[in-house]
1. Somewhere in region 258-276, is a residue out of contact with any strand residue (DSSP E or B) (no Cβ under 7 Å at 6 or more places or on another chain) and more than 13 Å from residue 226 (Cα to Cα)?
2. Any idea how many residues of region 3-52 are of a type in the set (Lys, Arg), at pLDDT below 95 and within 22 Å of residue 73 (Cα to Cα)?
3. In region 226-254, how many are touching a Phe, Trp or Tyr at 6+ places or on another chain (Cβ under 9 Å) and closer than 14 Å to residue 191 by Cβ?
4. Can you find, within region 230-271, the residue that is modelled with the lowest pLDDT among those that are among the aliphatic types (A, V, I, L, M) and within 22 Å of residue 286 (Cα to Cα)?
5. Can you pull out the residues in region 185-218 that are modelled with pLDDT of 90 or more and surrounded by fewer than 21 Cβ atoms within 10 Å (Cβ to Cβ)?
6. Would you mind telling me which numbered condition in (1) touching a residue at least 12 places away in the same chain (Cβ under 8 Å); (2) over 17 Å from residue 2 (Cα atoms); (3) not basic (Lys, Arg) residue 116 fails?
7. For region 18-135, please list each of the helices (runs of 4 or more DSSP H) lying entirely inside it that holds at least 1 residues being touching a Gly at 6+ places or on another chain (Cβ under 6 Å).
Amino acid sequence: MKKLLFVYNPHSGKGVIGQSLSPIICRLTSGGYDVTVHPTSEQRDGQNYIRDHAAEYDTVVASGGDGMLHEMFCGLNEAGIKMPCGYIPAGTVNDFASSLGIPKIPEEAAEIIVDGNFREIDTGSFNGTVFSYVAAFGMFTKVSYATDQKMKNALGSAAYFIEVLKNLDPKAFRESTVHARIGFDGKVFEDDFIYGMACNTLSVGTLKGIIPHGAKMDDGLIEGVFIKAPKSLIELDSIRNALITGNLDIPGIIYSKSASFTVDTDRDIEWTLDGEFGGSHSHADIRVKVQAVSIAVPADK
């Protein structure tokens, strides 16, 4: 019988995994797995546990929000192991799961793991630290980890939109503006920016318009999107319309696909990795890790 390590965050979302724990384990067990369960007790507990114990198992499964997914990828990377893994989403937004078509119903997500359709996808590296789908700075980056958990649980993804809308004002632009040099593919762009990200996903904060059309998660490229500080209401409206329609080909936005990006700013700025605080940096070296993870997805994906 194959051995499976199931690590979950009991506090993600509305505690849905705690309510579904027995059906999940039963489904995994009936699918031929001997399951060991580890509930996390604090930040990075899951990452450290996976790092220290993944080698003892055939498959590792994480359940929680995107932060728990981040911990699984980091733990496997620190252990130097590439192995079949699975994800059962239980957070508020779950961008990564949505991008791969992994259902939000826990028992259905467990069924996909049992089916064993594993797909190799890319991840990213930020100054040597693994991230699963996004590294970002600027005015929207605090939304995922600064939004009150009770608000997230009560309003779901609407909580993120509320916080984003609160930040769409001139004062927020001024406070979030940073002078930066963006480098990729031999090109350098220097300007004042209010937001920037490098991602490997089809949505961020459930916002699909911010991701360039044609994005893929296994093409060896990362999508880069960098929004310049608007200098007028006309430029602000242009940026808003671009994010709504997904047409990012405007002067106020720099976007491209590349295997790597560098971001150098005139001061330390806060970054977020997969929705979690990623530290303050004035230099960021962001690279794709090609097909670094083998993860269970629906057969049609």
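1. Taking region 258-276 as the starting set, the residues that turn out to be out of contact with any strand residue (DSSP E or B) (no Cβ under 7 Å at 6 or more places or on another chain) are 275-276.
Next cut, more than 13 Å from residue 226 (Cα to Cα) only: 275-276.
Yes, some residue in region 258-276 is out of contact with any strand residue (DSSP E or B) (no Cβ under 7 Å at 6 or more places or on another chain) and more than 13 Å from residue 226 (Cα to Cα).
2. Residues that pass the stated criteria total 1.
3. Matching residues across region 226-254 total 7.
4. Taking region 230-271 and keeping what is among the aliphatic types (A, V, I, L, M), we get 233-234, 236, 239, 242-244, 248, 250, 253-254, 259, 263, 269.
Add one more test, that the residue is within 22 Å of residue 286 (Cα to Cα), and what stays is 248, 253-254, 259, 263, 269.
Values: 248: 81, 253: 91, 254: 93, 259: 96, 263: 98, 269: 94.
Here the answer is 248.
5. Hits for region 185-218 are 185, 186, 187, 188, 189, 190, 191, 192.
6. Just one mismatch for residue 116, condition (2).
7. Values: elements: 45-53, 66-79, 95-100, 106-115.
Result: 45-53, 66-79, 106-115.
The values are calculated or read from the model by the stated rules, or taken from the named source; none is laboratory data. Since the model is a prediction, treat every value here as computed from it, not as a measurement. We place every Cβ from the backbone using ideal geometry, glycine too, and count neighbours over all the protein chains shown.
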